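A quick write-up on the structure given underneath.
The values are calculated or read from the model by the stated rules, or taken from the named source; none is laboratory data. Keep in mind the model is a prediction, meaning the values are calculated, not measured. So basically every Cβ, Gly included, is an ideal-geometry build from the backbone, and we count neighbours across all protein chains shown.
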Amino acid sequence: MSDGRQKHNRAWWLVLPVVVSVAFTAIIPLMTVVNYSVQDIFSPFDRIFVGLDWFRDVARDPEVRGALVRTLIFSAQVLLIEIPLGVLIAVCMPRRGWTVSVALVLVALPLLIPWNVVGTIWQIFARGDIGLGGWAVNKVVNFNYTLDSADAWITVLAMDVWHWTPLVVLLAYAGLRSIPDPYFQAAQIDGASAWATFRHIQLPRLRGVLTIAILLRFMDSFMIYTEPFVVTGGGPGNATSFLSILLSKIAVGQFDLGPAGAFSLLYFLIVQIVCYVFFTVLTRSGR
Amino acid sequence: MADIRLEEVGHRYTDDWAVRPMTWTWRSGRAYALLGPSGCGKTTLLNIISGLLTPTQGRVYFDDRDVTSVPTAGRDIAQVFQFPVLYEEMSVYNNLAFPLRNRKYPRKEVDERVRRVASLLGLEEHLGRRARRLDAGRQQIVSLGRGLVRSGVAAVLLDEPLTVVDPALKWTLRSKLKEIHRDTGHTLIYVTHDQTEALTFADEVVVLKDGAIVQSGTPEELFLSPAHEFVGHFIGSPGMNMLPATVVDGEVRIGGACVGRAAGLPLPGERGAPGSTGTAGSVITGPVPGPRSAQAMPISAGPVRLGVRPEFVRLGGSGLSARVTGVDDLGAYLLVHAEVDGHALTAKTAPGAPVSGEHVRFERAFLFRDEVRIGEVVA
């Protein structure tokens, strides 16, 4: 008994490298932020402990609140469009034959492009004067994302859909491919319509991958930075200024490390809570 | 309900035939077992009937209706697969009702049918549970129930449906299936590689090998009168003894000793047995040979293989000389291993019977050439 305990204790040494590396890459930097968030720092030698003042300030700041609402709406729209669209495309993709590879490569293409390049592509593509997309839309309705808030929002949203729906498609497609053939054969035997087959065979078996897809797309869209930064820079006005853009303005632009630290921690907390809620709801509903 | 007729139906996935072109009729209302080793084309044949697979060639008829290009849903076929296939998030009740609701049965009839099938299969107390919470055996019973719940299906196809069910329950379910068959009069085609399952279940056993039907008949016919070496091996436990022999001047000889006279049997397909139409050699209906010598015809001289079931080997004081090499006592019977002219031979005898003796006689021996039966040994 005591021998066994001894052995177990020794095993902890094997975990040590991981503990050290996680401490260096995650815990210590995070603690630094915690440290900033409770102090007002003028210089390394001149600082005041302010308690939770920064948290209170940030939580009351109308600019932060506005950005939070915008970001939540943006994430909600991203999920509502990308998840159904991704599943729809995955269902329509071929199951076998040479067209599978073609479809996969075409779908995966946007995922291979660096984020700021995506931003640049759309910055040009959506322009009314020299961009193909913007020019075409301009023929139908007046469109200018540098002046009109709604146009800017739509441009950023369309860009995210273009960039990230493929991820949902790939996850859903992998999920669909893992369904054994007899399930579809049984559905044919039972005279199930295409919709019933989707509803009762495919969708239940996509639960796992869709949970992952929803979590990934929520986190990513909630923290979106690069693409809107390149396309609109948060404008016009603050129409597309999301939490991350505002945060970097405070932290890097104004160098307000105290408020920025408090902001970061609140931001982090919101992501954690929403992910936890999503995960719990999605896994519970399956039982 | 209808006769299911295959005309020149064949299928290949690659260059080789998975199902060799065959013409065959499944008669309405009979219980068939489709018996053969893994990979012999049983499932392919089943999928052709249900329409999950379109054959490379040939036509499929339900009575006189050509259904070759009719999709599965339009064929009124029920099929149960080897492993449980369930609508996992539905209750057992909804699983059973699903095929009926898709076909717009009135609500009252759905309820009646679901409850009847559930009580037949012993699922009543599970009706409200989610299907995926059941153990694999029960899940398979639910799948089976989905196959049996509809009325007026042309046939119920069962693809090794009891593989995952535990052995004790297997017997019960098999007799339930027979009962249901009697009550509903559905045509049943039961695929299996287990001879006991096939022989206890079916009115007619169809033996499939390498994509071709080698013989069909009642269990008794297959046992007493195998028309193909494969049927001899595959049916019976242990399988048929095969000994190399020669036919010289109408005598069958093993290692120089005469064991009897060779009497030819008509080649399969030459007699117009029901169901044995079409492609020569692909379909053999083996009737129990009639009075011996009545249909005897000469067999050309040359090497043959003599097949005799262990049940028809008699040990004793006269006949071929043999050497007993061992005895297995299996309780219900003895398996006596012997050697005849350097070839192994097994005899099945009643327990307590003498196993001594230097000679064996054959009571019911057949002659095969190129695996196909050409005649029998008569005294």
Report, by residue number, each residue of segment B:201-247 that is of a type in the set (Ser, Thr, Tyr), farther than 24 Å from B:Leu334 by Cβ and touching a residue at least 40 places away in the same chain (Cβ under 8 Å). B:Ser216, B:Ser225, B:Thr246
When the residues of segment A:227-239 are narrowed to those that are farther than 11 Å from A:Asp160 by Cβ and touching a residue at least 60 places away in the same chain (Cβ under 8 Å), which ends up surrounded by the most Cβ atoms within 10 Å (Cβ to Cβ)? A:Thr232
Report, by residue number, each residue of segment B:93-121 that is away from chain A (no Cβ under 14 Å) and touching a residue at least 40 places away in the same chain (Cβ under 8 Å). B:Leu120, B:Leu121
B:Gly128 vs (1) surrounded by 15 or more Cβ atoms within 10 Å (Cβ to Cβ); (2) away from chain A (no Cβ under 13 Å); (3) outside any helix (DSSP H, G or I); (4) out of contact with any helix residue (DSSP H, G or I) (no Cβ under 6 Å at 6 or more places or on another chain): all pass except (1)
Scanning segment A:116-151 residue by residue, those more than 17 Å from A:Gly233 (Cβ to Cβ), outside any helix (DSSP H, G or I) and among the polar types (S, T, N, Q) turn out to be A:Asn142
Is segment B:80-94 home to any residue that is within 20 Å of B:Val165 (Cα to Cα) and among the charged types (D, E, K, R)? yes
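Do we find that A:Glu63 is among the acidic types (Asp, Glu), out of contact with any Phe, Trp or Tyr (no Cβ under 8 Å at 6 or more places or on another chain), within 29 Å of A:Leu215 (Cα to Cα) and in contact (Cβ under 8 Å) with a residue 60 or more places away in the chain in this structure? Lay out the reasoning, then the answer.
On the way: among the acidic types (Asp, Glu): yes; out of contact with any Phe, Trp or Tyr (no Cβ under 8 Å at 6 or more places or on another chain): yes; within 29 Å of A:Leu215 (Cα to Cα): yes; in contact (Cβ under 8 Å) with a residue 60 or more places away in the chain: yes.
For A:Glu63, the condition - among the acidic types (Asp, Glu), out of contact with any Phe, Trp or Tyr (no Cβ under 8 Å at 6 or more places or on another chain), within 29 Å of A:Leu215 (Cα to Cα) and in contact (Cβ under 8 Å) with a residue 60 or more places away in the chain - is met.
Report whether or not A:Asp256 is among the charged types (D, E, K, R), within 28 Å of A:Pro114 (Cα to Cα) and away from every other protein chain (no Cβ under 14 Å). Give the steps one after another, and end with the answer.
On the way: among the charged types (D, E, K, R): yes; within 28 Å of A:Pro114 (Cα to Cα): no; away from every other protein chain (no Cβ under 14 Å): yes.
The answer is no for A:Asp256.
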Could you list, in sequence order, all residues of segment B:146-172 that are hydroxyl-bearing (Ser, Thr, Tyr) and either farther than 29 Å from B:Arg75 by Cβ or within 12 Å of chain A (Cβ to nearest Cβ) (or both)? B:Thr172
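Kindly establish whether B:Arg182 is closer than 18 Å to B:Glu376 by Cα and either assigned by TED's automatic domain parsing to the domain that holds B:Pro310 or charged (D, E, K, R) (or both). Give the steps one after another, and end with the answer.
Details: closer than 18 Å to B:Glu376 by Cα: no; either assigned by TED's automatic domain parsing to the domain that holds B:Pro310 or charged (D, E, K, R) (or both): yes.
It is false that B:Arg182 is closer than 18 Å to B:Glu376 by Cα and either assigned by TED's automatic domain parsing to the domain that holds B:Pro310 or charged (D, E, K, R) (or both).
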Subset of segment B:179-221 [among the aromatic types (Phe, Trp, Tyr) and closer than 23 Å to B:Arg309 by Cβ]: B:Phe201
Listed residues B:Ser143, B:Ser216, B:Ser175, B:Ser237; which is at negative phi and within 14 Å of chain A (Cβ to nearest Cβ)? B:Ser143
Output yes when any residue across segment B:55-71 is under 25 Å from the mean Cα position of the chain (by Cα), closer than 29 Å to B:Trp24 by Cα and within 13 Å of another protein chain (Cβ to nearest Cβ), and no when none is. no
Answer residue from segment B:2-33, given it is aliphatic (A, V, I, L, M) and touching an Asp or Glu at 6+ places or on another chain (Cβ under 9 Å) and is modelled with the lowest pLDDT among those: B:Ala2
Might you let me know whether segment A:118-129 holds any residue that is hydroxyl-bearing (Ser, Thr, Tyr), modelled with pLDDT of 85 or more and over 30 Å from A:Pro204 (Cβ atoms)? yes
